[in-house]
Amino acid sequence: MEEIEIIKPDDWHVHFRDNEILKAVVPETTRHFARSIVMPNLVPPILNAKQAIEYKKRIEKAIPTTDNFEPLMTIYLTEETNKKKLKQAFKDEAVFAVKLYPAGATTNSDSGVKDIQKVMPVLEMMTEIGMPLLIHGEVTDKEIDIFDREKVFIDDKLNFICKELPDLKITLEHITTTEATQYVKEGNKNLAASITPHHLALNRNALFVGGIRPHNYCLPILKREMHRKALVEAATSGNPKFFLGTDTAPHLTKDKESACGCAGVFNATYCLSILAQLFDNENSLNNLENFISRNGAKHYNLKTNNETVLMIKSNETSIFREFLHIGNQKIKIFKPDFPVFWTISK
Ligand code: DOR
Ligand code: ZN
């Protein structure tokens, strides 16, 4: 049996949703992680400090008393976001970061940003106060092929923001392409990227294995194998610009297995075991702690956690539960197509 002890990890990108789903999914994250950045794409979205504070309270109520966990709240950027109020919300520590969704890019993003120029004054203010900007990096034009939307966003939008505001702290979230890894590596020192377990584990073939596979549908959509390999290289390299953001995104199976299935992979339950296996398969376990416990904290100017977790490699493959049950509904739990031998103990 092999064991490694590492600093307790953080998940820099989660969707907790609300109500019954929130109650069911929060413990799946708080069991292993110390902190998470919580996405604001509820219906209606989290637009101001008051809503963020109330949402945080609902999350805190769902944290098991045995878990030590801090949710870091975000605000959903719109073309109407009030600069002064946002500054105050950050100063009061009610809100940790701002999320930019290009309008229509993904689940509940209709009130996102259509014209980046319109939010530049807010981004300038954020640069001054050191407030991080989290970006869903995809253009939404119907004419652009869905597999090219991240690359076009980088060329047409991100590059503009980075040139105009080189000191703005930016996270390009859930990156999926070689171009994104390259841009981030060579970009401003304040620019970093998060990577999800499912984009590290799967390529786009996973969408069509003997039929359509709605549970592997997420946004940005899975890409070719060469892109997956570039992500694995970036994540396992130890480069401080890359860190874990699981983008765990629960949807009920009935909403995924539908004529118009929702985008999102619910991966919170086993993500750390899966990542340990991925790093092990690449002979890079020495860089796992950087990716899941150090690099993100450094990017966000936070201390690394004091606690540690123990990861254990057994001789037998882990058996994963298939679903998280919520009343008479269920959510499919992400499982990769390779065997996983690692488990996490507290
Ligand atoms: O697959 C995704 N699901 N990508 C996103 O950007 C949003 C998320 C969700 O909220 O379901
Ligand atoms: Zn997300």
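Some observations on this one:
- Against the test of being more than 17 Å from the chain's Cα centre (by Cα), buried (at least 18 other Cβ atoms within 10 Å of the Cβ) and farther than 22 Å from Val26 by Cα, the options Ser284, Ser314 yield a single qualifying residue, Ser284.
- Wholly within region 154-250, helices (runs of 4 or more DSSP H) carrying at least 2 residues that are farther than 24 Å from Gln117 by Cα: 178-186, 197-201, 225-236
- Just so you know, in region 236-266 the residues that are aliphatic (A, V, I, L, M) and out of contact with any strand residue (DSSP E or B) (no Cβ under 8 Å at 6 or more places or on another chain) include one that is nearest to ligand 1 (Cβ to nearest atom), and it is Ala263.
- Any hit, region 250-268, residues being closer than 21 Å to Ile4 by Cα and buried (at least 21 other Cβ atoms within 10 Å of the Cβ): yes
- Per the listing Pro44, Pro40, Pro64, the residue uniquely touching a Ser or Thr at 6+ places or on another chain (Cβ under 9 Å), more than 24 Å from Ser194 (Cα to Cα) and either within 16 Å of ligand 1 (Cβ to nearest atom) or among the acidic types (Asp, Glu) (or both) is Pro44.
- Any hit, region 68-91, residues being touching a residue at least 60 places away in the same chain (Cβ under 8 Å), on the phi < 0 side of the Ramachandran plot and surrounded by fewer than 19 Cβ atoms within 10 Å (Cβ to Cβ): yes
- Residue identified as more than 17 Å from Ser194 (Cβ to Cβ) and within 16 Å of ligand 2 (Cβ to nearest atom) among Val139, Val152, Val113: Val113
- Being surrounded by fewer than 21 Cβ atoms within 10 Å (Cβ to Cβ), within 14 Å of Leu42 (Cα to Cα) and within 16 Å of ligand 1 (Cβ to nearest atom) is a condition met by at least one residue of region 111-126.
- Taking first residues from region 257-269 that are outside any loop (DSSP other than H, G, I, E, B) and partners that are within 14 Å of ligand 1 (Cβ to nearest atom), the Cβ contacts under 6 Å between residues at least 6 apart in sequence or on separate chains come to Val265/His198; Val265/Cys218; Val265/Phe334.
- Filtered by the rule that a residue be closer than 19 Å to Trp12 by Cα and either free of Cβ contacts under 8 Å to residues at least 12 places away in the same chain or within 12 Å of ligand 1 (Cβ to nearest atom) (or both), region 182-222 gives Lys189, Ser194, Thr196, His198, His199, Cys218, Leu219, Pro220.
Okay, residues lined up against (1) within 25 Å of Asn267 (Cβ to Cβ); (2) hydrophobic (A, V, I, L, M, F, W, C):
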residue: Lys23; (1), (2): yes, no
residue: Val26; (1), (2): yes, yes
residue: Ile37; (1), (2): yes, yes
residue: Val43; (1), (2): yes, yes
residue: Ala52; (1), (2): yes, yes
residue: Arg58; (1), (2): yes, no
residue: Asn68; (1), (2): yes, no
residue: Thr74; (1), (2): yes, no
residue: Leu86; (1), (2): no, yes
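Every number in this text was worked out from the coordinates using simple rules, so none of it is lab data. On a predicted model such as this, the values are computed, not experimentally measured, just so you know. Ideal geometry is used to build each Cβ from the backbone, glycine not excepted, and the neighbour counts take in all protein chains shown.
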